[in-house]
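Notes follow the structure.
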C-alpha cells in the first residue's frame, strides 16, 4: 500500500513527498480511515479536460478529479490535479501557490474519506475540513 506522486506533461510541483504522505495518512486517520494505494497525477488543464470528457462526460476544466476505489474504511483512488487550474485559482483567490496545491491534495483525500462538496452546506464543511488539515500541515514545518 503506497501513496505515489506522478507528473504528466507538467513540471513536478513544489511538494515534499515524505511529509505530504505522512500528513495525508494523519488526515485520513482523523476520519477513521486507513490509506491504501493512492496515486496523485499532476497534469495540465488539457489532460484534466480530456479525463473529464472521457470518464465523466463533463466538458470543462477543473482543478481535481478523484476516482474513488475505497472499500469501507480503507481508502484508495486515483487523484488527478491540474496544476494550471491550481495556479489560476491561487491567483484568483490571492493565495500562495504551494498552499493551494496542498489544499487540492487534501481535498481529494477528504473526498475519499466521504466528505462531499456539492449539496447544501457541503462546500462550507469541505472548506472547514481543508483548513483544519492545512493547519495540521503547519506542524510538519513545511
**OP:** For region 16-88, just say rounded, prolate or oblate: build the C-alpha gyration tensor, square-root its eigenvalues into a ≥ b ≥ c, call rounded for a/c under 1.5, and beyond that prolate if a/b exceeds b/c, oblate if not.
**Re:** oblate
**OP:** Using packing as a proxy for protection, rank 33-42, 80-89 so that the peptide with the highest average count of other Cβ atoms within 10 Å comes first.
**Re:** 80-89, 33-42
**OP:** Would you mind ranking 49, 134 so that the residue whose beta carbon has the fewest other beta carbons within 10 Å leads the list?
**Re:** 134, 49
Subject >> Per-residue Cβ neighbour rank within 10 angstrom, fewest leading, 1, 126 >> reply: 1, 126
Subject >> Helix-only [θ]222 nm of the chain, DSSP H runs n ≥ 4, -39500 (n - 2.57) each, per residue, nearest 500 >> reply: -15500 deg cm²/dmol
Original post:
Using mean Cβ contacts within 10 Å as the protection proxy, how do 98-111, 13-26 order, highest first?
Top reply: 98-111, 13-26
Original post:
Under the definition of Cα pairs under 8 Å and six or more residues apart, what whole-number percent is the relative contact order of the chain?
Top reply: 22 percent
Original post:
Out of (1) 16.0, 51; (2) 14.2, 40; (3) 17.8, 63, which label holds the value of Rg and Dmax of the Cα atoms in Å that was computed here?
Top reply: (2)
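Throughout, read-outs are computed from the coordinates displayed, never taken from laboratory work. Remember, it's a predicted structure, so these values are computed and weren't measured experimentally. A quick note on method: Cβ atoms are made from the backbone with ideal geometry, for glycine too, and the neighbour counts reach across all protein chains shown.
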